[in-house]
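Rule-based calculations on the coordinates, nothing more; no lab input. Computed from a predicted structure; not experimentally measured. Glycine gets a Cβ as well: all are built from the backbone with ideal geometry, and neighbour counts include every protein chain shown.
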Amino acid sequence: MMNDSNLINVLLANEKLTSDNFMKWKSNMNIVLNCEFYKFVFTEECLEVPTATAPKTTREKYDAWILSNNKAKCYMLASMSDVLRKKHEDMETAYEIWESLQAMFGQQSDQCRHEATRAYMNMRMKKGNFIIEHVLNMIKTLHDAEIHGATIY
């Protein structure tokens, strides 16, 4: 039986971020960061460095944010291609890396979502094909659209 960290390592190793798989990588990264309780570093700003006289709870909150940010950055950087890792390794926060990647690949994702949605809407069963082949093709196309951010009802 695999423990959580082995599962995370497998997930990150199997889907390294390259220029053409951002949405799949992003989905996996969301899973990892939620599982490890680090995703809050994207929504909560880091507290100012506490003074020596700051209450213990303030220092603990600061330390927890710093630790979570560093671990989130490590997960993100470890699951990138060498070129992308080099570009992002000097960034201070996981959120900065996330925003940079979104700016680099978000537009590409919009185009892929549009193409997958259009492909689904225009799908027709080919004469002589089995229904199961057509249905599986439709499911794959819907999945591609969802991976790129489409909401399917």
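Summary table below
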item	result
For the chain, calculated [θ]222 nm from helices alone, where every DSSP H run of n ≥ 4 adds -39500 (n - 2.57)	-22000 deg cm²/dmol
Nitroxide proxy distance, nm - points 7 Å out along Cα→Cβ at Tyr62 and Lys126	6.4 nm
Options Phe40, Leu11, Val135, ranked by Cα towards positive dipole end of the chain, top entry (Cβ charges)	Val135
Hits among lysines - C-alpha to C-alpha of Lys86 under 26 Å, sequence gap 8 or more where chains match	Lys16, Lys24, Lys26, Lys39, Lys71, Lys73
For the chain, size of Cβ-based charge dipole, Lys and Arg +1, Asp and Glu -1, in debye	620 debye
Folded to 0 to 90 degrees: helix 131-147 orientation relative to the chain principal axis, Cα	30 degrees
Degrees between helix 4-14 axis and first principal axis of the chain (Cα, 0 to 90, nearest 10)	50 degrees
Under 5 Å, built H, 5+ apart or other chain: amide partners of Leu17	Met80, Ser81
Taking Lys140, Lys39 and counting other C-beta atoms within 10 Å, the order from fewest to most	Lys140, Lys39
